[in-house]
Amino acid sequence: MDVILVLNAGSSSLKFQIFAVGPTGLERQIKGQIDGIGVHPRFRAADAAGATMIDERLEVQAIPDLPAATRALKVWLRGLSGYSLQAVGHRVVHGGPDYSAPVRIDEVVLERLRAFEALAPLHQPNNLAPIRLVRELAPDLPQVACFDTAFHRSHPAVADFYAIPRALHDEGVRRYGFHGLSYDYVSQRLRVVAPEIAKGRVVVAHLGSGASMCALKAGKSVDSTMGFTALDGLPMGTRPGQIDPGVVLYLIGQKRMTTAEVSSLLYTDSGMKGLSGVSNDMRDLLASTDPRAVFAIDYFVQRCAVSIGGLAAAMDGVDALVFTAGIGENAPGIRARIAARLGWLGAALDEQANAISATVISAHGSALRLMVVPTDEELMIAQQTLALLPPTI
Ligand code: ADP
């Protein structure tokens, strides 16, 4: 069976999926991850039916870093029979200003992607490490980079600039936008499940541990809440979202914090975790009676409502709001609270449809269509990878 391997390498985990390339399209075969890399590694994988194929805790010396995890994955995959690996598709967080589409990786591309490490120092090196290793192990195996930024390269200039000296824009200080693989997938799904809506003005709310929103006009991204990094926009599990840069100056100038300390505060100690002091996980906050957890949810809903208003203004109106990702797909209570703030846009929720996370959750006659469309970033990567392979596969 011809298969495509999808890799999504983070700071402490290597997530992977295997898709079969069949006559009717891509079919998910295996989903797994090696997490706790360098701390307490655990290798898990399940087949398409959800049955466990492996669940092993490994010695930290065996999996001290990402290349070691990639090697362990290679050994495990080799032990499976019946799969013929045709290509590897990688999630790469940053495609810089130039890449507006996925790209086959060669030495020149790899060098350009390395230059974007400065733009995403916490993510890009991790994304590139497995690419290098696969090139060493199997130089002829096609590899494709699929970018979180690419889908947003259709932004008009007014959504791509900061009001700072232009020279900085020219050297790459721009509003890139992220979660592009998710938005690309949702945009495609909308064409299938709601073709009329797909032609119109849609705000997609990707609400997970990382959270952002995207303004889609006729399926193309025209604005997004994230900017130069994935810190901007909505409050997230551990990131603050939009913050006055003066706060950062205060932390450095008055509190004498180092760059590393500020970075850690902004990436890992803020957001829902920092506000609530309870948890970064929305499930914990919803279950908690702690007033700080209640406040964190109020804050999240407030910022979502404000952002939807902003993105609607960017499109001169909005026809639909689509929820996706962990919170967007699974938390009816949060969806209901956000919808309740959108009466001024004509939104009316169908509570029963919302309770079962139906595709359309707005009431009949609601001027704003409310929808839930589960995202599938890995399938998007597999599709993008397949599209760049020779047609014989
Ligand atoms: P990421 O891919 O960014 O890690 P996900 O899209 O998987 O994140 O979303 C994870 C988050 O979704 C969790 O942290 C949790 O807050 C939220 N979540 C998942 N399931 C539920 C649920 N049933 N109710 C509320 N929140 C949920």
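Here are some notes:
- Under the Debye formula (equal points on every Cα, no solvent term), log10 I(q)/I(0) of segment 217-356 at q = 0.09, 0.22 Å⁻¹: -0.32, -1.42
- With the simple model of a label 7 Å out from the Cα in the direction of the Cβ, Leu110 to Val39 spans 2.9 nm.
- Taken about its Cα centre, the chain carries a charge dipole of about 260 debye when Lys and Arg each add +1 at the Cβ and Asp and Glu each add -1 at the Cβ.
- Most positive-pole-ward Cα, Leu14, Gly274, Tyr299, against dipole of the chain from beta carbon charges: Tyr299
- Nitroxide proxy distance, nm - points 7 Å out along Cα→Cβ at Glu117 and Ala138: 2.5 nm
- Pairs of Lys residues in the chain that lie 8 or more places apart, or on two chains, and have C-alpha atoms under 25 angstrom apart add up to 7.
- Efficiency of FRET between Lys199 and Thr359 - r from beta-carbon atoms, R0 22 angstrom, step 0.05: 0.80
- Here segment 208-303 is assigned +1 on the Cβ of each Lys and Arg and -1 on the Cβ of each Asp and Glu. Its dipole about the Cα centre then comes out at about 160 debye.
- Spatial separation of Cα centroids for segment 126-205 and segment 255-303, in angstrom: 27 Å
- Longest to shortest principal axis, alpha-carbon extents of segment 1-63, angstrom: 42, 22, 15
- Simple Cβ-charge dipole of segment 295-349, Lys/Arg +1 and Asp/Glu -1, about Cα centre, in debye nearest 20: 160 debye
- Residues Met1, Met315, ranked from the fewest to the most other C-beta atoms within 10 Å, line up as Met1, Met315.
- Computed across the chain, the Kirkwood hydrodynamic radius from all distinct Cα-Cα pairs reaches 22.0 Å.
Where a number appears in this text, it was derived from the coordinates with a stated rule and is not lab data. Because the structure is a prediction, the values reported are computed rather than measured. No Cβ is skipped: glycine too gets one built from the backbone with ideal geometry, and neighbour counts run over all protein chains shown.
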